[in-house]
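These notes concern the structure reproduced below.
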Amino acid sequence: MHNLKMKNLCVEIDGKKILNNFSLEVNSGEIHTIMGPNGTGKSTLSHVIMGDKRYKLKKGEIIFDGKNINDLTTDQRARLGLFLGFQMPTAIEGVTNADFLRTAKHIKEENNFNLMHMIKDINKSCQELKMDKEMIHRSINSGFSGGERKKNEILQMKILKPNMIILDEIDSGLDVDSLKIVGENVMDYYKNSDSGIILITHYQRLLDYIKPDFVHIMMNGNIIKSGNHTLVDEIEKKGYAKILEEISQNEVKE
Ligand code: ADP
Ligand code: MG
């Protein structure tokens, strides 16, 4: 059982306030979707959870499995089992996928690391993701299409076996077939592990495969409304601006 708590996070970048008293708690066995318009701080949230030092955490606490991780480095957080699938995965020339996965896995598993197991796992995972095995020996994301990069993020997830997974617009850049493959692979991993997921998206399509238990609407750096999957339909029908308007009107009435 794992638990990630974000308590009253206030985050700035270049003196600009992005997250505004953001709070959310995620347990393993739960899928939380965060939806919201562009520029509202969704990616910022994911970077802050992973400890990207460019984002200044002015106030608040990030607690993972009962421990405050505010001051941990990104690799320390990754070792605890936090994982971020990037919205825009970058290419890293000169480091092959295989080298990267082996190094990361070895550091994480220490004495339990087994190279043969990992190679088998990579082969199996590539098949499941319908990825060309040759990609394993290429530099990370070098010459990869947008969709291939996204699949590569999911490959890393499948190999590193995290227990708290943040997927930032994993659906962008994917064609319909790849979307299905990625969605099914994420669900398969989730069902067979003790993990929780924060799924950031602004399209409904991915939710056909990855069914959220909780849906949160994020605007201006905070969650303005939470609900179950029916909230997704409400967003489709009304749009974010209308929902925000209704909430402010209700607040005036009260
Ligand atoms: P979302 O993912 O919801 O679209 P982001 O978290 O990417 O939103 O961005 C939120 C705001 O923070 C935007 O106004 C964006 O321009 C700003 N921002 C994010 N990252 C940076 C950065 N590295 N430097 C400057 N501004 C940034
Ligand atoms: Mg984003």
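When you check Leu174 against the structure, is it part of a loop (DSSP other than H, G, I, E, B) and of a type outside the set (Gly, Ala, Ser), yes or no?
Against the criterion (part of a loop (DSSP other than H, G, I, E, B) and of a type outside the set (Gly, Ala, Ser)), Leu174 qualifies.
So Phe214 ticks every box in (1) more than 16 Å from ligand 2 (Cβ to nearest atom); (2) closer than 27 Å to Lys17 by Cα; (3) in contact with a Leu (Cβ under 7 Å, 6 or more places away or on another chain) but one. Which box is left unticked?
Every listed condition holds for Phe214 apart from (3).
Name the residue, out of Phe100, Phe64, Phe86, that is aromatic (Phe, Trp, Tyr), closer than 27 Å to Lys17 by Cβ and away from ligand 2 (no atom under 16 Å from the Cβ).
None of the others qualify; the one that does is Phe64.
Quickly run through the stretch 35-51 and pick out the residues that are touching a helix residue (DSSP H, G or I) at 6+ places or on another chain (Cβ under 7 Å) and within 16 Å of ligand 2 (Cβ to nearest atom).
Met35, Gly36, Pro37, Met50
Looking only at the stretch 204-254, filter to residues that are over 22 Å from the mean Cα position of the chain (by Cα) and assigned to a loop (DSSP other than H, G, I, E, B); which one of those is farthest from Leu174 (Cα to Cα)?
Top of the filtered list is Glu254.
Would you kindly identify the strands (runs of 3 or more DSSP E) lying entirely within the stretch 6-93 that contain at least 3 residues that are more than 16 Å from ligand 1 (Cβ to nearest atom) and farther than 30 Å from Lys242 by Cα?
56-64
Quick check on my filter: what residues within the stretch 210-254 are modelled with pLDDT under 95, among the small types (Gly, Ala, Ser) and surrounded by 12 or more Cβ atoms within 10 Å (Cβ to Cβ)?
Passing the criteria: only Gly239.
Can you tell me which residues in the stretch 95-133 are closer than 15 Å to Glu153 by Cβ and of a type in the set (Asp, Glu)?
Glu128
Quick one: which residue in Thr96, Thr73 is touching a helix residue (DSSP H, G or I) at 6+ places or on another chain (Cβ under 6 Å) and surrounded by fewer than 18 Cβ atoms within 10 Å (Cβ to Cβ)?
Thr96
Would you mind finding the one in Lys7, Lys58, Lys67, Lys42 that is surrounded by 17 or more Cβ atoms within 10 Å (Cβ to Cβ), farther than 30 Å from Asp132 by Cα and modelled with pLDDT of 95 or more?
Answer to the check: Lys42.
Of the conditions (1) surrounded by 21 or more Cβ atoms within 10 Å (Cβ to Cβ); (2) farther than 20 Å from Met50 by Cβ; (3) within 16 Å of ligand 2 (Cβ to nearest atom), Ile122 satisfies every one except a single condition; which number is it?
(3)
Would you mind telling me which numbered condition in (1) of a type in the set (A, V, I, L, M, F, W, C); (2) assigned to a strand (DSSP E or B); (3) farther than 22 Å from Leu167 by Cα Ile119 fails?
Tallying (1) of a type in the set (A, V, I, L, M, F, W, C); (2) assigned to a strand (DSSP E or B); (3) farther than 22 Å from Leu167 by Cα, Ile119 fails exactly one: (2).
May I ask you to list the residues in the stretch 177-203 that are surrounded by fewer than 21 Cβ atoms within 10 Å (Cβ to Cβ) and either in a strand (DSSP E or B) or of a type in the set (D, E, K, R) (or both)?
Asp177, Lys180, Glu184, Asp188, Lys191, Asp194
The values are calculated or read from the model by the stated rules, or taken from the named source; none is laboratory data. Remember, it's a predicted structure, so these values are computed and weren't measured experimentally. With ideal geometry, Cβ positions are generated from the backbone for all residues, glycine too; neighbour counts draw on all protein chains shown.
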